[in-house]
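Heads up, the thing below is written out as C-alpha cells.
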Amino acid sequence: GQNIDQPTEMTATEGAIVQINCTYQTSGFNGLFWYQQHAGEAPTFLSYNVLDGLEEKGRFSSFLSRSKGYSYLLLKELQMKDSASYLCAPRTRDAGNNRKLIWGLGTSLAVNP
Amino acid sequence: NAGVTQTPKFRILKIGQSMTLQCAQDMNHNYMYWYRQDPGMGLKLIYYSVGAGITDKGEVPNGYNVSRSTTEDFPLRLELAAPSQTSVYFCASSYIGRSYSYNEQFFGPGTRLTVL
C-alpha cells in the first residue's frame with residue numbers, strides 16, 4: 001500500500017531552525033514534493049527532490065533518501081508567517097505512466113515570538 | 001496568466017441538489033486534478049485528467065463526475081448532493097513532460113461547499 005507519516009504538530013520559536021520529517025512507502029516513486037498550506041488557503045509549492053541529497057531554496061531546504069523512504073524539510077530563520085501546515089507528497093507513476101501525488105495529513109507548525 | 005481559477009468560491013446546497021464546480025487553467029497544462037479536503041484531513045484525489053478527452057478515477061470518485069473537453073477546463077459535477085460531500089474542493093494542474101523539471105501542481109483558490 002501507500003503510506004506517508006509526518007508529525008501532526010510542531011512548535012518553534014521565531015528566528016530558530018525547524019526540521020519536519022516525512023517517511024513514505026509508495027510504489028512507482030517519481031519524486032517528492034513539499035507544499036505549504038496556510039489556514040483557509042490552497043497549498044503552494046515549496047520544493048522538489050527526485051534524486052538523493054539536499055536541495056536548497058533560500059530559507060527552505062529539502063532532503064531525500066530514496067533507499068530509506070525518508071525526506072525532511074528544513075526551515076531556517078523562522079518567521080511568524082511560516083506558521084502553516086507543511087505537506088509531504090511523494091509522486092507516483094502508475095502502469096499507464098500517469099503521475100499522481102500522494103498526500104499526507106501534513107504537519108501543523110506554530111511559530112511563537 | 002490567471003493560473004488556476006475556480007468558481008464559485010462558496011456554495012450552500014440542499015440535499016439532493018446538483019451543481020457543477022468550474023475549474024480553468026491558462027498555463028497549457030496537460031494534467032488536471034480535483035481534490036477534496038475535509039477539516040484536519042489530507043487532500044483526497046477525486047478525479048484526474050492527463051489531457052483533453054481523458055479522465056480517470058482517484059481515491060474518492062463516488063458521487064462525482066468530470067469531463068475534459070478542452071485543455072483549459074475541467075468541471076466537476078456533483079449529482080444528488082449529500083452532507084458527506086461538505087468539504088473544500090481544490091482544482092490543480094501541472095505540466096508533465098519529458099524533461100525532469102519540477103512539474104509541480106498549481107492549485108486554484110478552492111470552493112467551499114456546504115450541503116444541508
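Read-outs: derived from the displayed coordinates by stated rules, not from any lab. As the structure is a computational prediction, the values presented were derived from the model and not from experiment. All Cβ positions, even for glycine, are placed from backbone atoms using ideal geometry, and neighbour counts span all protein chains on display.
Karplus couplings for the range B:106-116 from phi (6.51 cos²θ - 1.76 cosθ + 1.60, θ = phi - 60°), rounded to Hz, Gly and Pro as x?
Values, residue by residue: 9, 9, x, x, x, 10, 9, 10, 10, 10, 10 Hz.
Express the relative contact order of chain B as a whole percentage, based on alpha carbon pairs under 8 Å and six or more residues apart in sequence. All intermediate terms of the calculation are to be shown ahead of the outcome.
Working: 303 pairs, mean separation 40.5, N = 116.
This gives 35 percent for chain B.
Quick check: the distance between the Cα centres of the range A:70-103 and the range B:6-75, to the nearest angstrom?
The two parts, judged by their Cα centres, are 21 Å apart.
Can you list the residues of the range A:6-37 with backbone N under 15 Å from a point 7 Å past the Cα of residue A:51, pointing along Cα to Cβ?
Answer for this model: A:31-32.
Quick one: 3J(HN,Hα) in Hz for the range B:24-37, Karplus 6.51/-1.76/1.60 with θ = phi - 60°, rounded, Gly and Pro as x.
So the J values, rounded to whole Hz, are 9, 9, 10, 9, 6, 6, 7, 8, 9, 9, 10, 10, 10, 9.
With a 10 Å cut-off between alpha carbons and a GNM built on chain A, which of A:21, A:98, A:30 moves the most?
Among A:21, A:98, A:30, the largest mean-square fluctuation in the Gaussian network model of chain A belongs to A:98.
Run the simple label-point estimate for residue B:10 and residue B:44 please: 7 Å along Cα→C-beta, distance reported in nm.
According to this spin-label approximation, the distance is 2.4 nm.
Read phi for every residue in the range A:62-75 and hand back ³J(HN,Hα) as whole Hz from Karplus 6.51 cos²θ - 1.76 cosθ + 1.60, θ = phi - 60°, with x for Gly and Pro.
9, 10, 9, 10, 5, 5, 8, x, 9, 9, 9, 10, 10, 10
So which lysines can residue A:76 reach, going by Cα to Cα under 27 Å and dropping same-chain residues fewer than 8 places off?
A:57, A:68
Where nothing but the Cβ of Lys and Arg (+1) and of Asp and Glu (-1) is charged, how large is the charge dipole of the range A:1-70 around its Cα centre, in debye to the nearest 20? Don't jump to the answer; show the numbers that get you there.
On the way: 4 positive and 7 negative charges, 40 e Å.
Value, rounded to 20: 200 debye.
At R0 = 35 Å, how high is the FRET efficiency between residue A:25 and residue B:27 if r is their beta carbon distance? Nearest 0.05 is fine.
Working: r = 32 Å, r/R0 = 0.91.
The value I calculate is 0.65.
Place a point 7 Å from the Cα of residue B:69 along the Cα-to-Cβ direction; which residues of the range B:16-48 have their backbone N under 14 Å from it?
B:23
How crowded by other chains is B:73-84, given as the mean number of beta carbons from other chains within 10 Å of each beta carbon? Don't skip to the answer; put the middle values down first.
Values: counts 0, 0, 0, 0, 0, 0, 0, 0, 0, 0, 0, 0.
Mean shielding count: 0.
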